[in-house]
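What follows is one structure encoded as structure tokens, with my remarks underneath.
The values are calculated or read from the model by the stated rules, or taken from the named source; none is laboratory data. This one's a predicted model, so the numbers in the text were calculated from it and none came from an experiment. Backbone-built Cβ (ideal geometry, glycine too); neighbour counts: all protein chains shown. We work out accessible area using only protein heavy atoms, side chains counted, and drop any ligands, DNA or RNA first. Shrake-Rupley method; radii C 1.70, N 1.55, O 1.52, S 1.80 Å.
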Amino acid sequence: MVEIRMRVNGAEVSAELEARVSLLDALRVRLGVTGPKKGCDQGACGACTVLVDGRRILSCLALAVQYDGSEVTTIEGVDHPLQAAFVRHDGFQCGYCTPGQICSAIGMLAEHAAGAPSAATEHVAGAPALTRTEIRERMSGNLCRCGAYNGIVAAIEEVAP
Amino acid sequence: MKDFGYRVAVDVAGAVAAVAAEPGARFLGGGTNLVDLMRSGVEHPDTLVDITRLPLDAVDELPDGGLRIGALVRNSDLAAHPAVRRRYPVLAQAVLSGASGQLRNMATVGGNLLQRTRCAYFYDQATACNRREPGSGCGAIGGFTRTHAILGTSPSCLATHPSDMCVALAALDAVVEVESVRGTRRVPLLDLHRLPGDTPHQETVLEPDELVTAVELPAAEVAAVSRYRKVRDRASYAFALVSVAAGLVVRDGAVVAVRLALGGVATKPWRAVEAERVLTGAPATEDSFRAAADAELATAVVQEDNGFKVELARRTIVATLHRLATEGSAA
Ligand SMILES: Cc1cc2nc3c(=O)[nH]c(=O)nc-3n(C[C@H](O)[C@H](O)[C@H](O)COP(=O)(O)OP(=O)(O)OC[C@H]3O[C@@H](n4cnc5c(N)ncnc54)[C@H](O)[C@@H]3O)c2cc1C
Ligand code: SF4
Ligand code: FES
Ligand code: FES
């Protein structure tokens with residue numbers, strides 16, 4: 001067993017865990033933070049996306065012990081204009097992918113604001129504008145089984161600076 | 001997943017000593033490949049030595065104008081680095097074409113180098129796989145081979161090397177720096193991965209206790225005039241069917257320097273030596289590009305379902321070189 005401490009949505013938490021427990025299972029099962037969802041448990045869907053120290057990661061492929069001392073933000077800790085924009089633009093149907101979509105979009109907007117290029121960027125040395133094509137590429141790690149992609153892109157586009 | 005011991009390494013000496021001391025111990029980078037394979041039951045280490053807190057996360061300038069990339073630099077930070085984007089655009093594009101934003105934030109350079117194949121039979125323990133279980137056979141042979149390799153295969157294994165980053169590094173003559181309790185050594189990227197031969201389970205020339213500490217990129221004019229093109233089943237978030245990393249310098253209509261490497265088609269990151277030989281000094285025309293592609297692909301061996309890769313690779317090589325010749329760098 002390994003003892004870890006994290007800040008989760010602003011609250012100090014600690015837990016004794018086996019090393020094999022994922023950050024996703026630690027959050028959902030041990031800490032009762034059920035916003036992040038388990039879609040595939042193999043890095044292929046993005047439903048488990050959370051922010052660690054402000055960066056988006058997949059909590060299903062993260063061992064919780066590796067994140068000892070981190071600041072973790074899940075959808076429960078998010079208060080962002082994207083949430084209302086998702087509602088306005090029908091950015092979801094069943095809602096299962098939505099916590100991951102919103103955490104991912106927040107991380108993505110920060111990456112873009114810092115000047116990061118993407119695979120859709122024509123000239124990688126420049127600072128690309130956040131077009132629809134750029135949003136789609138940067139959000140491609142979040143699948144939506146309900147196919148709400150048009151609404152998701154519209155919501156992000158509305159909120160993006 | 002079976003449980004395992006977990007240790008955090010705080011310095012390189014401690015990390016290599018910890019893995020050397022215990023046969024079942026393994027280095028843990030971002031975990032995006034290793035944790036997945038452990039959960040799938042393909043890998044079962046006794047102990048993980050977490051190396052993500054080692055001070056190997058910087059990108060530094062080299063005196064000769066090259067770059068030194070620490071093994072713990074995250075894939076997203078590598079692709080966003082201004083010097084990489086300006087001087088090695090093929091590398092930025094290759095890294096950005098892999099996985100997803102979330103995964104690139106986790107994945108490290110060292111882990112990307114040593115990620116294992118995505119052959120479905122390698123993952124599926126109900127089928128034989130020489131790579132997973134030496135001598136057991138190959139489930140892909142006579143199976144579904146659409147994603148498998150056409151270059152560098154053997155009767156024992158047809159699996160592709162999945163990394164996009166490594167294809168760019170193969171084109172850039174990168175050198176991998178490795179450290180263990182026995183000291184430090186440098187391995188050219190092109191010598192790091194082995195062809196499968198009859199020992200596909202021996203994937204690289206590294207010993208299990210050797211830690212990748214850095215990747216060095218030499219300075220080269222051709223590196224700045226470069227691009228990566230990836231062809232896959234969907235627009236994003238999928239492994240390559242075919243990918244091409246290329247650099248091209250043309251003067252007075254003739255090719256004076258060329259770099260070409262292929263992904264998605266070969267059992268290791270594939271430097272297209274034959275194609276480069278044909279192209280060097282030749283006129284920078286589509287005819288030359290086609291002749292170069294044909295020369296490289298002449299040794300291709302196709303399976304039941306992957307014959308399309310020969311033509312797809314040919315077209316992708318020609319298109320990428322043509323674009324470099326007409327529009328220049330992706331920087
Ligand atoms: C859904 C999904 C899609 C993906 N798509 C792509 C894609 O399109 N293109 C692509 O290229 N990749 C893709 N990947 C793979 C991804 O790039 C790799 O998983 C990642 O680069 C591995 O890095 P890591 O740090 O997480 O490695 P880890 O999982 O931590 O380690 C991988 C291996 O390397 C060893 N290791 C790690 N660091 C070192 C070191 N410094 N020295 C010695 N050994 C070390 C580990 O022991 C382990 O054996 C995808 C992955 C997923 C899950
Ligand atoms: S192709 Fe290689 S990795 Fe795939 S089943 Fe055959 S031996 Fe295993
Ligand atoms: S549950 Fe983590 S990516 Fe699907
Ligand atoms: S809203 Fe149902 S999966 Fe996206």
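Please name the residues of segment B:1-22 whose accessible area, counted over protein heavy atoms with a 1.4 angstrom probe, falls by no less than 10 Å² between the chain alone and the full protein assembly.
Residues shielded by partner chains are B:Met1, B:Asp3, B:Phe4, B:Tyr6.
Checking the a/c ratio against 1.5 first, then a/b against b/c, what shape does the Cα gyration tensor give for segment B:136-205?
The shape class here is oblate.
At q = 0.06, 0.11 Å⁻¹, what is the log10 ratio I(q)/I(0) for chain B, with the Debye formula run over Cα points and no solvent?
-0.20, -0.69
Going highest first, how would you order B:64-75, A:78-89 by mean Cβ packing within 10 Å?
Taking the mean over residues of other Cβ atoms within 10 Å, the ranking is B:64-75, A:78-89.
Using a 10 Å cut-off on Cβ to Cβ distances, tally the other chain neighbours for every residue of A:110-121 and report the average as a whole number.
For this peptide, the per-residue mean of nearby foreign Cβ atoms is 5.
In bins 10 Å wide, starting from 0, what share of all Cα pairs of the protein assembly as shown does each bin hold, as a percent?
Reading upward from the zero bin: 4, 19, 29, 28, 15, 4, 0.
If you bin every alpha carbon distance in segment A:81-159 into 10 Å steps from zero, what whole percent lands in each bin?
Result returned by the calculation: 20, 53, 23, 4.
Please give the peptides B:2-9, A:35-42 ranked by average Cβ packing (other Cβ atoms within 10 Å per residue), highest first, as a rough proxy for protection.
A:35-42, B:2-9
For segment A:81-159, with all protein chains present and a 1.4 Å probe, just round the carbon and sulfur fraction of the accessible area to a whole percent.
The value for segment A:81-159 is 57 percent carbon and sulfur by accessible area.
Tally Lys and Arg at +1 and Asp and Glu at -1 over the other residues with C-beta under 13 Å from the C-beta of A:Gly126: what net charge comes out?
Taking every other residue near A:Gly126 into account, the sum is 0.
What 222 nm value per residue comes from the helices of chain B, counting each DSSP H run with n ≥ 4 as -39,500 (n - 2.57) and dividing by all residues, nearest 500 deg cm²/dmol?
Roughly -8000 deg cm²/dmol at 222 nm, from the helical runs in chain B.
Which whole number gives the average, over all residues in B:75-82, of C-beta atoms from other chains lying within 10 Å of the residue C-beta?
For this peptide, the per-residue mean of nearby foreign Cβ atoms is 3.
Name the long-range amide H neighbours of B:Val8: under 5 Å, sequence gap of 5 or more, or other chain; modelled H, no Pro or chain starts.
B:Asp50
Using a 1.4 Å probe on the protein chains only, how many percent of the accessible area of chain B belongs to carbon and sulfur?
Looking at chain B in its full context, I get 52 percent from C and S.
Report the B-A buried area as the accessible area lost on both sides summed, probe 1.4 Å, in Å² to the nearest 100.
Buried area between the two chains comes out at roughly 3200 Å².
For helix B:286-297, what angle does its Cα long axis make with the longest principal axis of chain B, in degrees from 0 to 90 and rounded to 10?
Long axis of B:286-297 versus the principal axis of chain B: about 40 degrees.
Please list, ordered by chain and number, the residues whose modelled amide H lies under 5 Å from the amide H of B:Thr47; skip anything fewer than 5 residues away on the same chain.
B:Gly5, B:Ala25, B:Arg26
Excluding residues on the same chain fewer than 8 positions from B:Lys230, give the lysines whose Cα lies under 21 Å from its Cα.
In chain and number order, the partners are B:Lys268, B:Lys309.
For B:Arg186 and B:Glu133, what is the calculated FRET efficiency with R₀ set at 35 Å and r taken between the beta-carbons, to the nearest 0.05?
FRET efficiency, B:Arg186 to B:Glu133: 0.60.
Pick out, in residue order, every one of the trypsin sites (Lys or Arg not before Pro) in segment B:218-258 that is DSSP loop and has at most 14 other C-beta atoms within 10 Å; say none if there are none.
Loop-located and lightly packed - B:Arg234.
So which residue, out of B:Val16, B:Val175, B:Val256, gets the largest mean-square fluctuation from a GNM of chain B using Cα contacts under 10 Å as springs?
Judging by the Gaussian network model, the answer is B:Val256.
With the convex hull built on the Cα atoms of segment B:5-53, state its orientation-averaged projected area in nm².
Over every viewing direction, the Cα hull of segment B:5-53 projects on average to 3.1 nm².
Measuring with a 1.4 Å probe in the full set of protein chains, what accessible area per residue, in whole Å², belongs to the protein assembly as shown?
Result: 39 Å² of accessible area for each residue.
So if R0 is 22 Å, what FRET efficiency would A:Glu16 and B:Asp46 give, r being the distance between their Cβ atoms, rounded to the nearest 0.05?
0.60
Going toward the positive end of the dipole of segment B:222-330, with +1 on Lys and Arg Cβ and -1 on Asp and Glu Cβ, which of B:Ala266, B:Gly253, B:Ala330 do you reach last?
About the Cα centre, the residue reaching furthest to the positive side is B:Ala330.
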